[in-house]
Amino acid sequence: MSTATELSHPAPPVAAPTGGNGRWWSLVVLAMAQLMVVLDATIVNIALPTAQADLAFSDANRQWVVTGYALAFGSLLLLGGRLSDFFGRKKMFLIGLIGFALASALGGAANGFEMLIIARILQGAFGAALAPAALSLLSTTFTEPADRGKAFGIFGAISGAGGAVGLLLGGVLTEYASWRWCLYVNLVIAAIAVVGGLMKLQDEKITDRNKIDVPGAVTAIAGLVGLVFGLGKAETDGWTAAGTLIPIIFGVVILVAFVLIELRVPHPLLPLRVVLDRNRGGSYASIGIAGAGMFGIFLFLTYYLVGFLGFTPIQTGLAFLPMLGSIMLSATTAGSILTPKVGPRPLVPVGALIAAAGMAFLTRLDLDSTYASGVLPGLLVIGLGLGLVFAPTQNAATSGVEHRDAGVASAMVNTMQQIGGSIGTALLSSFAASAATNYAAGKTPSALVQAQAQLSSYHTVFWWSCGFFLLAALVSVTIFRSGPLDVDPDAPKAMAH
């Protein structure tokens with residue numbers, strides 16, 4: 001688990017770091033790309049009912065608009081990360097951006113369900129090239145601990161807040177323009193990011209171009225597709241359905257085969273030294289578990305705001321803005337001031353406990369609760385907690401890693417968030433459904449009983465999300481090492497001091 005073995009390899013030559021301003025401009029470009037990928041996971045949710053009415057597809061098909069993106073994105077991330085180490089991070093970043101924009105244009109112009117699904121799968125595939133390249137470029141650009149802390153604070157804030165930005169932007173565009181603009185908006189973001197990327201991003205010369213691990217890539221993709229597909233079916237068909245169990249079992253078995261392959265091949269897709277470092281392992285575990293808890297906030301609180309408080313899509317988006325503010329506040333302060341000094345071990349468990357407390361507060365919501373007294377305090381507390389989770393974990397996940405592994409180390413962050421989100425959505429949806437059924441059992445059906453059953457399902461979800469955050473706190477305090485993060489092993493010696 002020590003980094004001694006990693007440091008024994010010769011370090012590749014490093015590009016001269018861009019000047020102070022150039023580096024901060026590169027952060028703006030990378031943050032825009034990250035925002036585009038993260039908000040696309042939620043922006044389409046708001047547009048779905050209108051898109052469904054416009055293109056006339058069934059409720060059963062509707063989930064594939066979300067699942068198609070998640071499947072392609074989640075299963076191709078590790079390969080995308082390794083390709084950025086192989087072909088160059090800047091090149092993969094630009095390919096991912098342009099491909100994502102073109103796929104978005106295709107989706108915006110969709111004249112039927114099939115065309116929309118193809119566009120969403122392509123978005124996921126190009127997103128899988130883009131997200132790890134962005135995070136690894138950030139990691140190799142900011143190597144000095146204090147600057148790195150600030151940069152990861154801002155990047156972590158955007159990762160945590162992107163989902164809520166998607167809800168707001170989706171509401172505004174759907175209400176005032178068209179659902180198609182929820183996809184077309186990516187063309188604007190990508191165009192600015194491509195120009196900025198060409199002008200401001202610096203990449204290192206690739207000197208160590210080993211063969212791509214084809215058996216590893218095939219098993220990683222097949223295993224992750226099986227797992228994400230099965231979890232998607234669990235949400236709609238239940239956990240005992242063959243369509244759920246068979247893909248999940250298949251996915252787990254293939255992923256075990258993937259690990260065995262990685263232990264044997266000379267140039268693995270995911271070198272296990274990347275995962276077995278305690279700080280990186282702790283990061284991946286914390287991000288996965290917190291990702292599962294986060295979906296309880298966005299998905300079920302949205303249902304509450306719309307169903308019980310009668311919020312419009314725009315009001316729902318605006319309702320999440322205070323949480324964004326508190327995520328930004330804690331991520332940027334903790335990220336820039338505390339992470340370089342104390343490392344992730346005290347910050348991530350505290351952040352997860354704060355988020356758990358916010359979730360517990362939301363279980364007090366009632367039929368006559370108001371936004372100001374019932375929802376807002378919980379969102380502010382959860383946001384403060386999430387900021388403390390995201391900034392230090394993303395920093396730790398790529399800290400002390402050799403530059404030749406930066407892409408795949410970054411890909412693991414997104415893979416764990418995606419898998420955590422898929423597990424969270426599937427589990428929480430099934431818990432919600434059984435809680436509502438159990439509440440209504442034996443009672444005379446009425447509008448009041450139905451509303452209370454719905455409320456009972458939300459309370460169940462918020463308690464489970466609270467549990468996920470408590471588990472994240474326990475895991476992070478157990479696995480993370482104490483003390484500041486490892487210095488970049490490939491950084492020029494002058495910057496390491």
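The values are calculated or read from the model by the stated rules, or taken from the named source; none is laboratory data. If you're wondering where the values come from, they're calculated on a predicted model, not measured in any experiment. Using ideal geometry, Cβ is built from the backbone for each residue, glycine included, and neighbour counts are taken over all protein chains shown.
If you go through the range 329-368 and keep only what is free of Cβ contacts under 8 Å to residues at least 60 places away in the same chain and over 15 Å from G387 (Cα atoms), you end up with F361, R364, D368. Taken over the range 223-256, residues that are hydrophobic (A, V, I, L, M, F, W, C) and without any contact (Cβ under 8 Å) to a residue 60 or more places away in the chain amount to 12.
Does any residue of the range 319-337 turn out to be at pLDDT 90 or above and touching a Ser or Thr at 6+ places or on another chain (Cβ under 8 Å)? The answer is no; no qualifying residue exists. Before we move on, is D237 buried (at least 22 other Cβ atoms within 10 Å of the Cβ) and either closer than 30 Å to A391 by Cβ or touching a Ser or Thr at 6+ places or on another chain (Cβ under 8 Å) (or both)? Taking the combined requirement at face value, the residue does not satisfy it.
Screening L448 with (1) surrounded by fewer than 20 Cβ atoms within 10 Å (Cβ to Cβ); (2) at pLDDT 90 or above; (3) in contact with a Gly (Cβ under 9 Å, 6 or more places away or on another chain) gives one miss only, at (3).
Inspection of the range 400-420 finds a residue satisfying the criterion of being assigned to a helix (DSSP H, G or I), within 29 Å of F126 (Cβ to Cβ) and among the hydroxyl-bearing types (S, T, Y). Residue pairs whose Cβ atoms lie under 6 Å apart, separated by 6 or more positions or on different chains, with the first residue in the range 139-152 and farther than 17 Å from H403 by Cβ and the second buried (at least 24 other Cβ atoms within 10 Å of the Cβ) and of a type outside the set (S, T, Y), are G149/G335. Listed here are the helices (runs of 4 or more DSSP H) enclosed by the range 1-120 that have at least 3 residues being surrounded by 24 or more Cβ atoms within 10 Å (Cβ to Cβ) and modelled with pLDDT under 90: 20-55, 59-87. Scanning the range 346-371 for residues that are part of a helix (DSSP H, G or I) and either in contact with a helix residue (DSSP H, G or I) (Cβ under 7 Å, 6 or more places away or on another chain) or over 18 Å from I287 (Cα atoms) (or both) yields a total of 17.
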